[in-house]
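Trainee: For reference, the structure I am asking about is given below.
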Amino acid sequence: MKPKNQRLVLVSAALVAVLVAVLLAMWGLRNRASYFYTPAEINSGKVEVGRYVRLGGMVEKGSVRRIGDGLTMNFIVTDGTARVGVTFRGIVPNLFREGSGVVVEGNVVPGALVENGKVVGRRFGANEILAKHDERYMPPELGNLAAEHRAGKTLER
Amino acid sequence: MIAEAGLAALWLAAGLAALQFLLMVLALRTGADVARTMRAIAIVQGALTLVSFAMLLLVFARTDLSVALVYENSHSAKPFIYKVAGAWGNHEGSMLLWVTVLAVAGAFFAWLYRRKRERTLVAALGSQAVLALGFYAFLLIASNPFARLNPPAVEGRGLNPLLQDPGLAFHPPTLYLGYVGLSVAFSLAVGALLTGQVDSRLARAMRPWVLGAWILLTLGITAGSYWAYYELGWGGWWFWDPVENASLMPWLAATALLHSINVLAARGALKAWTMMLAVIAFSMSMVGTFLVRSGVLTSVHAFAIDPERGTFLLALLFVYVGAAFALFAWRAPALKEGAPFDLVSREAGLVINNLFLSVILGIVFVGTLYPLIVEAVSGEKLSVGAPYFNAVAGPLALVLAVLVGTGPLLTWRRQTRPVFPRLKVPALAAATALFITIVAAPGIAILPRLAFTVAAFLAAAAVVPLTNRNPLRTPLATWGMVIAHFGIAVALTGMAANAAFTSETLAVAKPGEQLRVGPWRVVLDSVVPTAGKNWTAIEGQLRAARGNQLVKLQPQMRYFTDPPTETNEAAIRTFRDGQLYTVIGKPEPSGAWQLRLWWKPFVTLIWAGGVLIALGGLVALVGRVFRRRRREPSWRARYS
């Protein structure tokens, strides 16, 4: 190969590599990224049953119940107003506790969260509870909500 | 006083860095002879940052609660080693460690660089000073580790117990040494681009730094993976967490650089290419630092959400990377043509290695940053995890592993002998492995099966470069390459075995109950309370039996009081053929306990492979430095 051609070949090889990487990444991201939703968004019906997503919120105080085999548990994830019933089977991470932030991964399942004979939210089947954070953690979106909430209150005053 | 001394040392170091940069500008414009002065300044600057970091260690060791950082991250009842390690287990402290390593690397570079190229040295030291200056500013303006608390606190808030682990003491410093060691390669590339002296001599000066940084990155990633494996109690060894990717990206770039730099050193080819990789490698270190330290991620390492810091780091990142790319675009076209080579040659093989690594790097980069970009643009939240990375990067990595086996058999410049006859044994090994997995384990997934096959091929192919030659006269660098490539095969085998053969049992057991996992029968004898210096725990007494092998395991669930946290201490037993991994969970009202048991055949090969890869790098590094000293007696003469 002549030096001139060599440079041309190398430059085009590099460009092709970048292009291939971007195309592969875009192809991979199209159906493998799991989106993050708040309880309100889940309840609005935005997410169809079966789609793999993440749900983030606070574990409602007093909502954690163990059922049946001792490994399955139900709890409610809330953003303060909207609530979603979550079922999970397995050992929960250490940072999981009532009243603190949680992100669960799984999908919306058929059925509803029923309290006193009334439907109050949808149900979510969690495959995984993510708790890669410390006790001060709050899902960012809820953090924003909390901030907006505070701002609203200040304005009212 | 100690904290003030540390802060003063930091300010002085920042002043010296500014001076060092101004001297470079002066030298490049007027040709003034400032190399000796700059060297001295760089060394003093490194020493000052060491002083500053030592002061931080001291306030942590003494639990000086009038320092805000100590109050927030330490506690008087912590074991001493974790008091000291706590100094870098937080944002400010770890950034100080970062900049200390940066300045000390600059000092060592100034001290060791003995080549006659003073202009390149001056330019590189100037670049190193600019890098340090930005991070000094970041520390002094946005994250002062020595800020005082008035009045002093009575007791500290404690360190996240997850971080109270020997892994913490060594894992971040090792990674930082690796990250920041790449800064020297970056600065040398910037210096050489400024002076136009990009050639094999530059490559030989740069190579030990790249090798050293790469070894430490490899070790840091391996250690981090093992830490996550045993400390988090989830049984996984790689989670594609953005924090992990933050260390993987510089490693991928450094691996590519490590290979292309050999082409530049041996043949004087791939000049612009190698400079580009040197720039990218350290840029990836900075991207990693930004990801971990700005709080844009919400994961185990990103403890604080602080927009001021994030913006500052992002600005630094853009300025440095942008300037380096602009310099490259301006100067690279003026570089002389590299030496020519054929399409089938060692050089071309290494180019293909580089292309694969770059594509994998690109995939990891896009996957890691995509959620951040989508969120910034549309406000939508999403996460990208294992399904994406495994499916997109996994197959490419396997193809690359096959090429790793073949590339070293090619000759420089032009391949005259056919390569395939030398690959007969590896091909046979691959076929055997494939056959065995089909017969013995027909049910496993396609990716692990391919991984076994490729690993067998690579393990055999890796040692082919040693055949037909006297092992004593084979250069150490070749031995290093063989060891590292063999290590890839070992790690790959571990990954495949873990993916294909792990058995897991999740159960609720009462004392006396027997469970099964893989070939093991496990009995929960009892659960007893126990305590450590700043924690209490419940401890499961497990008995595991297989054939006539009998072992005891004691997984714990620990409760820390400062701050109140629970952690799982997995009990892990290592055998020749795998690990038994046990975790105890919460009690049930009925008096039963949650237990999670894993039998993971050959999982330890993953980290053994990682250590082998790093060892290969070390052997090569020793070989390179030793050979250089032999070839250039003047190096030694200078000290006698």
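Trainee: Over all alpha-carbon pairs of the stretch B:165-415, lay out the pair-distance distribution in 10 Å bins, whole %, shortest bin first.
Mentor: Percent of Cα pairs in each bin: 7, 28, 35, 21, 7, 1.
Trainee: Further, regarding this structure: Taking the Cα-to-Cβ direction at B:LEU149 and at B:ALA376 and moving 7 Å from each Cα, how far apart do the two end points lie in nm?
Mentor: Computed distance between label sites B:LEU149 and B:ALA376 equals 3.4 nm.
Trainee: Two decimals is fine: what is log10 I(q)/I(0) at q = 0.09, 0.10, 0.12 Å⁻¹ for chain B, from a Debye sum with one equal scatterer on every Cα and no solvent?
Mentor: Listed by q, the Debye log ratios stand at -0.82, -1.00, -1.35.
Trainee: Still on this model: Which whole-number percent gives the relative contact order of the stretch B:300-408, counting Cα pairs below 8 Å spaced six or more residues apart?
Mentor: Details: 35 pairs, mean separation 27.0, N = 109.
Once normalised by length, the contact order is 25 percent.
Trainee: Based only on other Cβ atoms within 10 Å, what is the fewest-to-most ordering of A:ASP79, A:ASP69, B:ASP199? Show your work: numbers first, answer last.
Mentor: Values: A:ASP79 21, A:ASP69 12, B:ASP199 17.
With the fewest neighbours first, A:ASP79, A:ASP69, B:ASP199 line up as A:ASP69, B:ASP199, A:ASP79.
Trainee: Please give the net charge around B:ALA545, taking every other residue with its beta carbon less than 15 angstrom from that of B:ALA545, where Lys and Arg add +1 and Asp and Glu add -1. Intermediate values should be presented prior to the final figure.
Mentor: Numbers: positive: B:ARG516, B:ARG521, B:ARG543, B:ARG546, B:LYS552, B:ARG573; negative: B:GLU513, B:ASP525.
Net charge in that neighbourhood comes out at +4.
Trainee: On to the next question. Can you sort B:ILE141, B:ILE584 so the residue with the fewest Cβ neighbours within 10 Å comes first?
Mentor: Working: B:ILE141 11, B:ILE584 29.
In increasing order of surrounding Cβ atoms, one gets B:ILE141, B:ILE584.
Trainee: Which net charge results for the neighbourhood of B:SER590, defined as the other residues with beta-carbon distances under 13 angstrom from its beta-carbon, given Lys and Arg at +1 and Asp and Glu at -1?
Mentor: On the way: positive: A:ARG66, B:LYS510, B:LYS586; negative: A:ASP69, B:GLU513, B:GLU588.
My count for the surroundings of B:SER590 gives 0.
Trainee: Another question, then. In debye, nearest 20: dipole of the stretch B:503-601 around its Cα centre with unit charges on the Cβ of K, R (+) and D, E (-)?
Mentor: Values: 13 positive and 9 negative charges, 78 e Å.
About 380 debye.
Trainee: Explain nothing, just the number: relative contact order of the stretch B:57-141, from Cα pairs under 8 Å at least 6 residues apart, as a whole percent. Present the calculation step by step, with values, prior to reporting the outcome.
Mentor: Numbers: 52 pairs, mean separation 19.2, N = 85.
In percent, rounded to a whole number, it is 23.
Trainee: Within 10 Å of each Cβ in peptide B:565-572, how many partner chain Cβ atoms are there on average? Round it to a whole number, please. Can you show the working numbers first?
Mentor: On the way: counts 5, 5, 3, 3, 0, 0, 0, 0.
So the per-residue partner count for this stretch is 2.
Trainee: Calculated FRET efficiency, B:SER590 and B:ALA32, Cβ-Cβ r, R0 56 Å, to nearest 0.05? It would help to have the intermediate numbers written out before the result.
Mentor: Values: r = 82 Å, r/R0 = 1.47.
About 0.10, to the nearest 0.05.
Trainee: For a paramagnetic label modelled at 7 Å from the Cα of B:VAL399 toward its Cβ, which residues of the stretch A:23-49 fall within the zone defined by backbone nitrogen distances under 16 Å?
Mentor: Residues A:23-28 qualify, since their backbone N sits under 16 Å from the label point.
Trainee: Would you mind getting me the FRET efficiency between B:LEU12 and B:VAL622? Use the beta-carbon distance for r and R0 = 41 Å, nearest 0.05. Please report the intermediate quantities before stating the final value.
Mentor: On the way: r = 36 Å, r/R0 = 0.88.
Result of the calculation: an efficiency of 0.70.
Trainee: Working only with C-alpha atoms, what are the Rg and Dmax values of the stretch B:315-436, expressed in angstrom?
Mentor: Answer for the stretch B:315-436, Rg first and Dmax second: 20.4, 58 Å.
Trainee: Assuming a ≥ b ≥ c are the square roots of the Cα gyration tensor eigenvalues, decide whether the stretch B:1-161 counts as rounded (a/c under 1.5), prolate (otherwise, with a/b larger than b/c) or oblate.
Mentor: Because a/c hits 1.5 or more and a/b exceeds b/c, the stretch B:1-161 counts as prolate.
Trainee: Let me ask something additional. Report, in listed order, any pair from B:LYS78/B:LYS510; A:LYS61/B:LYS83; B:LYS510/B:LYS600; A:LYS46/A:LYS118; A:LYS46/B:LYS586 with a Cα-Cα distance greater than 30 Å.
Mentor: Distance filter (> 30 Å) returns B:LYS78/B:LYS510; A:LYS61/B:LYS83; A:LYS46/B:LYS586.
Trainee: What size of dipole, in debye to the nearest 20, comes out for chain B about its Cα centre when the only charges are +1 on Lys and Arg C-beta atoms and -1 on Asp and Glu C-beta atoms?
Mentor: 3060 debye
Trainee: Next question, about the same structure. What is the mean number of Cβ atoms from other protein chains located within 10 Å of the Cβ atom of each residue in peptide B:358-367, rounded to a whole number? Write down the numbers at each step before the final one.
Mentor: Working: counts 6, 10, 2, 2, 9, 7, 2, 3, 7, 5.
For peptide B:358-367, the averaged partner shielding equals 5.
Trainee: In terms of modelled amide H atoms, which long-range or inter-chain residues lie less than 5 Å from the amide H of B:VAL603?
Mentor: Those qualifying (amide H under 5 Å, at least 5 residues apart or on another chain) are B:GLN579.
Trainee: Follow-up question, since we're still on this one. What is the sum of charges around B:GLY532, taking Lys and Arg as +1, Asp and Glu as -1, for the other residues whose C-beta is under 12 Å from the C-beta of B:GLY532? Working shown, then result.
Mentor: Values: positive: B:LYS78, B:LYS533, B:ARG558; negative: B:GLU539, B:GLU569.
Spelling it out: positives minus negatives among the neighbours equals +1.
Trainee: In what sequence do B:LEU550, B:LEU264, B:LEU317 fall when counting other Cβ within 10 Å, fewest first? Kindly include the intermediate steps, with their values, before the conclusion.
Mentor: On the way: B:LEU550 9, B:LEU264 26, B:LEU317 17.
Going from sparsest to densest Cβ surroundings: B:LEU550, B:LEU317, B:LEU264.
Trainee: Given +1 on the Cβ of Lys and Arg, -1 on the Cβ of Asp and Glu, and no further charges, what dipole in debye does the protein assembly as shown carry about its Cα centre, rounded to the nearest 20? Kindly include the intermediate steps, with their values, before the conclusion.
Mentor: On the way: 75 positive and 43 negative charges, 704 e Å.
Dipole magnitude for the protein assembly as shown comes out near 3380 debye.
Any read-out appearing in this document is the output of simple, stated calculations on the displayed coordinates, not a laboratory observation. As the structure is a computational prediction, the values presented were derived from the model and not from experiment. All Cβ positions, even for glycine, are placed from backbone atoms using ideal geometry, and neighbour counts span all protein chains on display.
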